[in-house]
Structures are given as C-alpha cells and as structure tokens.
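What follows is a single structure, written as structure tokens, with notes after it.
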Amino acid sequence: MYGAEHYASVGGIIDYNAVDDEQYIINDADIAAYNDALAGVQNALYYTTKMALEEKYEESMVKVSEAVDNFIVASVQLSVVEEVAEKAEVAQETNAVEDQIAVQEFVETNDVTLKQETVVEYNQSLEDIAVNAREAGAFLAASKNEQLTSLSDQHAQDYGNSMAEASISYSATNDILSVQWATNTGHIEFHDFLWGDYVTAPEVLGQGEMIYNDQQAYMYQ
C-alpha cells in the first residue's frame with residue numbers, strides 16, 4: 001500500500017501484480033474462517049472450574065490468616081489471666097507469704113481483667129479458623145478433582161454459563177459443593193465427591209502440635 005502510494009506520487013507506474021489479490025484481498029473464505037474463529041473464542045471456556053475453585057481457596061486462606069491473627073491477640077491477653085490463676089493456685093497450695101506477695105505484685109503490675117470482648121474475640125477466632133480452614137481445604141481438594149472440574153466445565157458450557165460469574169459454596173455437613181449463577185439457570189451440586197479428603201479432629205490437633213513443636217525447637221536451638 002505504502003509503496004504503491006509512493007510511486008504514484010512521483011509518477012511511477014506500478015506493476016498490477018504488485019498487489020496480489022490472492023494475498024491481500026479479503027474474500028468469502030477469509031470471512032468464513034474469521035467468523036468460525038470468533039465463534040470458537042466465544043464458546044471457549046477460558047475461566048475454568050479449577051481456576052474458580054483455586055480463587056475461592058485463596059480467598060478462604062486470607063480469612064484463615066486474619067482469624068489466626070485475631071486468635072493470637074486474644075490468646076496473649078488470656079495468657080495473662082491464666083498466669084494469675086496459676087500463681088494464685090500455687091499460693092493457695094503452699095500458703096507461703098512470698099507466693100501470696102508474688103500474686104499481688106503480678107496483679108498490680110499487669111492488666112489481669114478478664115474482659116468479655118476478649119473472650120468473645122477468642123471464641124469467634126476459633127470458629128472463624130475452623131470454618132474458613134474447612135472451606136479452603138474443600139475448595140483446594142475440589143480443584144484437584146479432575147472428574148468434578150470436568151463435569152462442572154461441561155455443565156457450564158452446556159448452559160452457556162461463565163464460571164467467572166459463578167457463585168461457589170461448600171457444605172461440610174453433607175459434603176455438597178454447589179455452583180450457582182445469578183440467572184438461576186444451570187445450577188449444579190456435587191454430592192460426596194470430597195469424603196476421601198476429610199481429616200479427623202485428632203489428625204488436625206496432632207499435626208498442629210507437631211508444627212508447634214518444630215517451631216519451638218527451631219527457635220531455641
């Protein structure tokens with residue numbers, strides 16, 4: 001184009017074959033190919049169930065971290081109260097003056113009031129950790145379940161829904177992963193897909209104790 005324009009402006013007579021209609025002209029076959037490609041893009045599932053579940057996992061883990069921070073703050077405050085109780089118990093058992101004085105001095109130099117808001121924050125943080133950790137684990141486990149994700153992807157595609165617009169929730173009580181859309185069309189639930197990923201309370205507590213002991217050993221080595 002630019003070459004033809006240049007030579008035309010200086011009086012050059014270009015060879016007609018310089019503009020090859022087979023190479024530059026848009027014909028019916030080109031139009032059909034473009035439209036087919038466009039339809040392929042429109043129908044492609046670029047944001048998959050796996051990606052949506054991984055995003056839900058990340059969101060839940062942020063909430064877990066926030067709850068752990070709240071738990072630590074409340075625990076520190078409650079540990080002072082626990083220390084008072086321990087010192088008072090020792091003083092009561094020994095009936096020694098020095099132990100009684102130690103309790104009095106500790107109470108005078110520390111804020112040992114057991115506040116209702118601290119107890120509420122402590123209890124709420126435990127609940128938040130449990131709920132969000134359970135959901136995070138479920139979303140991550142589901143994202144790795146190829147049968148579940150492929151079924152969900154196909155279902156969304158069949159109903160013309162986008163996983164980017166899906167609302168995903170999990171019920172640990174019945175092991176139900178639910179995928180919904182605002183249009184209320186194409187709602188799908190997965191029952192009993194994640195039972196194999198459940199861990200018991202003793203396993204959770206045992207793993208927590210192991211991690212804590214490892215951290216203590218590292219800190220004081």
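The values are calculated or read from the model by the stated rules, or taken from the named source; none is laboratory data. Because the structure is predicted, anything quoted here is derived from the model rather than measured. Methodologically, a virtual Cβ is constructed for each residue, glycine included, from the backbone with ideal geometry; neighbour enumeration extends over all protein chains shown.
Observations on the model:
- Some residue of the stretch 100-117 being out of contact with any Asp or Glu (no Cβ under 6 Å at 6 or more places or on another chain), touching a residue at least 24 places away in the same chain (Cβ under 8 Å) and among the hydrophobic types (A, V, I, L, M, F, W, C): yes
- Qualifying residue in the stretch 179-194 (condition: touching a strand residue (DSSP E or B) at 6+ places or on another chain (Cβ under 9 Å), within 16 Å of Lys56 (Cα to Cα), of a type in the set (Val, Ile, Thr) and in the same structural domain as Met61 (by TED's automatic domain parsing)): yes
- Residue check, Leu45 touching an Asp or Glu at 6+ places or on another chain (Cβ under 7 Å) and at pLDDT below 85: yes
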